[in-house]
1. Of the residues THR36, THR60, only one is modelled with pLDDT under 85 and part of a loop (DSSP other than H, G, I, E, B); which?
2. In the stretch 39-57, what count of residues is obtained for those that are assigned to a helix (DSSP H, G or I), within 24 Å of VAL5 (Cβ to Cβ) and open to solvent by 100 Å² or more (accessible area, probe 1.4 Å)?
3. GLU13 - would you say it is assigned to a helix (DSSP H, G or I) and surrounded by fewer than 10 Cβ atoms within 10 Å (Cβ to Cβ)?
4. List pairs: first residue in the stretch 1-25 and charged (D, E, K, R), second residue in a helix (DSSP H, G or I) anywhere in the structure, Cβ distance under 6 angstrom, at least six positions apart or on different chains.
Amino acid sequence: MGTSVLSLRIDGELLDRLRQHAAKRGMSVQDYVVRTLIRDDFDERFQTAVDETEKFYGVT
């Protein structure tokens, strides 16, 4: 398995929130995001967020 680069554009408010969450755990923002993505329940939580977004915008 190789590695890839993921680049994100997020607004300042969200980045500040991520910084706060990461700082509480003594982590960098990058480490915090990666740790969040590898959580066992991430797929389920992500699918729920997608479903809610689609419902909000009337896609489903």
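1. Details: THR36 fails: part of a loop (DSSP other than H, G, I, E, B).
Within the list THR36, THR60, the selection yields THR60.
2. Number of matching residues: 3.
3. Against the criterion (assigned to a helix (DSSP H, G or I) and surrounded by fewer than 10 Cβ atoms within 10 Å (Cβ to Cβ)), GLU13 qualifies.
4. Within 6 Å, the pairs are ARG19/VAL29.
The values are calculated or read from the model by the stated rules, or taken from the named source; none is laboratory data. This one's a predicted model, so the numbers in the text were calculated from it and none came from an experiment. Here the Cβ is made from the backbone with ideal geometry for all residues, glycine too, and neighbour counts use every protein chain on show. Heads up: the accessible areas ignore ligands, DNA and RNA and are worked out on the full protein's heavy atoms, side chains in. Shrake-Rupley method; radii C 1.70, N 1.55, O 1.52, S 1.80 Å.
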